[in-house]
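The structure appears right after this line, and notes come after that.
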Amino acid sequence: MQQFMIERNFGKVTEEDLAKLGSESKRVAAAEFADVIVWEHSHAAETPDGLMTYCVYQAPDAETIRKHAAAAGLPCDRVTPINTVGPNDFA
């Protein structure tokens, strides 16, 4: 499966709100998207406008990512196909 970076702008949310949203994302993935998407990890950043997350998922296509976000009630501002590289990939 392809890896995707999902950018989500949550605005002003509490840690409790974020915990509920993350739990709902996992629940919906298991119930409706099992064996279709994999949530690898996320990075969260506080910005002047609120919380932004950058989530790495595996999925067959960007539309599946958008369907999962809608079903889980999550923002899905941008979905970008990515490849992961690290220091060991270079001489």
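The values are calculated or read from the model by the stated rules, or taken from the named source; none is laboratory data. Note that the structure is a prediction, hence the values are computed from the model and not measured. Every residue, glycine as well, gets a Cβ built from its backbone with ideal geometry; the counts of neighbours run over all protein chains shown.
General observations
- Within the stretch 1-18, the set of residues being assigned to a strand (DSSP E or B) and not polar (S, T, N, Q) comprises Phe4, Met5, Ile6, Glu7, Arg8, Phe10, Gly11.
- Annotation note: Cβ proximity below 7 Å between a residue of the stretch 80-91 that is among the hydrophobic types (A, V, I, L, M, F, W, C) and a residue that is surrounded by 10 or more Cβ atoms within 10 Å (Cβ to Cβ) and part of a strand (DSSP E or B) (sequence gap 6+ or interchain) occurs for Ile82/Gln3; Ile82/Phe4; Ile82/Met5.
- Within the stretch 38-52, the set of residues being among the β-branched types (Val, Ile, Thr) and either closer than 14 Å to Leu18 by Cα or in contact with a helix residue (DSSP H, G or I) (Cβ under 9 Å, 6 or more places away or on another chain) (or both) comprises just one member, Val38.
- Residues that are loosely packed, with under 12 Cβ neighbours inside 10 Å, over 11 Å from the mean Cα position of the chain (by Cα) and of a type outside the set (A, V, I, L, M, F, W, C), drawn from the stretch 28-42: Asp35
- Top-ranked residue of the stretch 76-91 - restricted to ones that are part of a loop (DSSP other than H, G, I, E, B) and not hydroxyl-bearing (Ser, Thr, Tyr), ranked as nearest to Gln2 (Cα to Cα): Asn83
- Residues located in the stretch 43-66, provided they are within 14 Å of the chain's Cα centre (by Cα) and free of Cβ contacts under 8 Å to residues at least 24 places away in the same chain: His43, Ala45, Glu63, Arg66
- Residue list for the stretch 19-75, filter: modelled with pLDDT of 95 or more, part of a helix (DSSP H, G or I) and among the hydrophobic types (A, V, I, L, M, F, W, C): Val28, Ala29, Ala30, Ala31, Ala62, Ile65, Ala69, Ala70, Ala71, Ala72
- Residue in the stretch 7-15 that is without any contact (Cβ under 8 Å) to a residue 24 or more places away in the chain and surrounded by 14 or more Cβ atoms within 10 Å (Cβ to Cβ) present: no
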